[in-house]
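Please read the structure below before turning to the comments.
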Amino acid sequence: MTAMKAIVWCEKSQIVARALCEVGVDARSCDILPCEHPEWGIPHIQDNALNHLTGYNLAMLGNDLIELCG
């Protein structure tokens, strides 16, 4: 069985990506800013989220963008 592959857009904190990794999901965060916790070892894509719309089983928006839209 292949692990679910997930991306959390607009998440420099990596909190959601880390939680997903802890339950066996192949997760990464993506933000135009550098990640806040490189010591956690969670993959982070520092790029525009619009460049990473495909190739994942699950995609989520991080809190930073939700707060901007709310």
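For segment 18-34, enumerate the residues that are modelled with pLDDT of 95 or more and either touching a Ser or Thr at 6+ places or on another chain (Cβ under 6 Å) or among the acidic types (Asp, Glu) (or both).
The answer is 22, 26.
Report, by residue number, each residue of segment 18-48 that is part of a helix (DSSP H, G or I) and open to solvent by less than 70 Å² (accessible area, probe 1.4 Å).
Listed by number, the residues that qualify are 19, 20, 21.
Which of the residues that make up segment 43-70 are at pLDDT below 95 and β-branched (Val, Ile, Thr)?
54, 66
When you scan segment 6-26, how many residues do you find that are under 11 Å from residue 45 (Cα atoms) and touching a Lys or Arg at 6+ places or on another chain (Cβ under 8 Å)?
2
Residues of segment 1-17 being open to solvent by 30 Å² or more (accessible area, probe 1.4 Å), in contact with a strand residue (DSSP E or B) (Cβ under 8 Å, 6 or more places away or on another chain) and over 9 Å from residue 62 (Cα atoms), which ones?
Those that are open to solvent by 30 Å² or more (accessible area, probe 1.4 Å), in contact with a strand residue (DSSP E or B) (Cβ under 8 Å, 6 or more places away or on another chain) and over 9 Å from residue 62 (Cα atoms): 3, 4, 5.
The values are calculated or read from the model by the stated rules, or taken from the named source; none is laboratory data. Note that the structure is predicted; figures quoted are calculated from it, not measured. For neighbour counting, all protein chains shown are included, and Cβ atoms are generated from backbone atoms with ideal geometry for every residue, glycine included. SASA here: full protein model, heavy atoms, side chains in, ligands and nucleic acids out. Shrake-Rupley method; radii C 1.70, N 1.55, O 1.52, S 1.80 Å.
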